[in-house]
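Undergrad: Pasting a structure below so you can have a look.
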Amino acid sequence: MEIILQDSSVKSISKDIDFAYHKENLVYNNETIEFLKPIQIKGNVTVNHGVADVKLSVNTKVLYTCSRCLENFEDTLDLMVDEKISKNEQEDENILTLEGGEVLDIRDVVVNNIYLALPRKVLCKEDCKGLCQLCGQDLNEGQCNCTQEEVDPRLAALKDMFKEV
Ligand SMILES: [Zn+2]
Ligand SMILES: [Zn+2]
């Protein structure tokens with residue numbers, strides 16, 4: 001869905017937006033986030049003197065990978081887009097400037113807003129216990145048999161040496 005930001009148009013134009021955008025995945029913090037359904041985009045765009053006023057609601061479902069326990073989990077993603085975008089730089093700093101030309105691609109606006117809405121750290125739950133660093137056991141599913149004392153890695157290496165003797 002593309003909208004041309006004409007500035008000399010006589011009247012402002014208004015467009016209702018209602019479409020679904022199929023996107024496979026996106027890379028975020030070195031993790032691939034998969035879209036489990038098309039991104040639903042609804043709302044309205046008004047263009048007045050080369051400035052687009054974009055108001056959208058966005059809904060989709062994504063597959064995350066927990067950064068602690070590496071489990072995959074699904075979550076819905078709902079967000080609102082409320083942005084003004086101009087093809088020329090404006091004094092008002094709340095108005096974003098469109099890079100390269102006058103064609104505003106609504107999909108780009110939506111994807112940028114999805115990036116901003118993603119959690120900084122992806123966790124399956126607030127208090128995810130993660131994996132045991134020694135044996136890899138998922139500590140959400142129960143304690144492993146490794147000793148729980150924090151072992152200094154240098155001491156750990158010594159310990160291993162003694163074991164071999
Ligand atoms: Zn987790
Ligand atoms: Zn363990």
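The values are calculated or read from the model by the stated rules, or taken from the named source; none is laboratory data. For clarity, every value in this text was computed on a predicted model and none was experimentally measured. Cβ atoms come from the backbone with ideal geometry, glycine included; neighbour counts cover every protein chain shown. Please note that ligands, DNA and RNA were not included when accessible areas were found on the heavy atoms of the full protein model with its side chains. Shrake-Rupley method; radii C 1.70, N 1.55, O 1.52, S 1.80 Å.
Undergrad: May I ask you to list the aspartates and glutamates whose Cα is less than 15 Å away from that of LYS11, ignoring any residue fewer than eight positions away on the same chain?
TA: Leaving aside aspartates and glutamates fewer than 8 places away in the same chain, those within reach of LYS11 are ASP53.
Undergrad: Next up: Please give the length that would be gained between ASP82 and GLN137 if that part of the chain were fully extended, namely 0.36 nm times their separation in residues minus their C-alpha to C-alpha distance (nm, one decimal).
TA: My answer for the length gained is 15.4 nm.
Undergrad: Please report, as a whole percent, how much of the solvent-accessible surface of segment 28-106 comes from carbon and sulfur atoms (probe radius 1.4 Å).
TA: Within segment 28-106, the accessible surface is 41 percent carbon and sulfur.
Undergrad: Using the Kirkwood formula over every pair of different C-alpha atoms, what hydrodynamic radius in Å results for segment 1-150?
TA: Computed over Cα pairs of segment 1-150, the Kirkwood hydrodynamic radius comes out at 17.9 Å.
Undergrad: Could you tell me the largest-minus-smallest coordinate of the C-alpha atoms of segment 52-120 on each of the three principal axes, in descending order and whole angstroms?
TA: 46, 20, 19
Undergrad: Can you list the lysines whose alpha carbon is less than 30 Å from that of LYS129, not counting same-chain residues fewer than 8 positions off?
TA: Straight-distance partners of LYS129: LYS37, LYS61, LYS121, LYS159, LYS163.
Undergrad: In square angstrom, what is the accessible area per residue of the chain with a 1.4 angstrom probe?
TA: Normalised by residue count, the accessible surface of the chain is 68 Å².
Undergrad: Would you please give the FRET efficiency between ASP92 and LYS42, computed as 1/(1 + (r/R0)^6) with r the Cβ-Cβ distance and R0 = 30 Å, to the nearest 0.05?
TA: That pair, ASP92 with LYS42, gives E of 0.70.
Undergrad: Sum -39500 (n - 2.57) across every DSSP H segment of at least 4 residues in the chain, then divide by the residue count to get the 222 nm mean residue ellipticity, nearest 500.
TA: Helix contribution divided over all residues of the chain: -4500 deg cm²/dmol.
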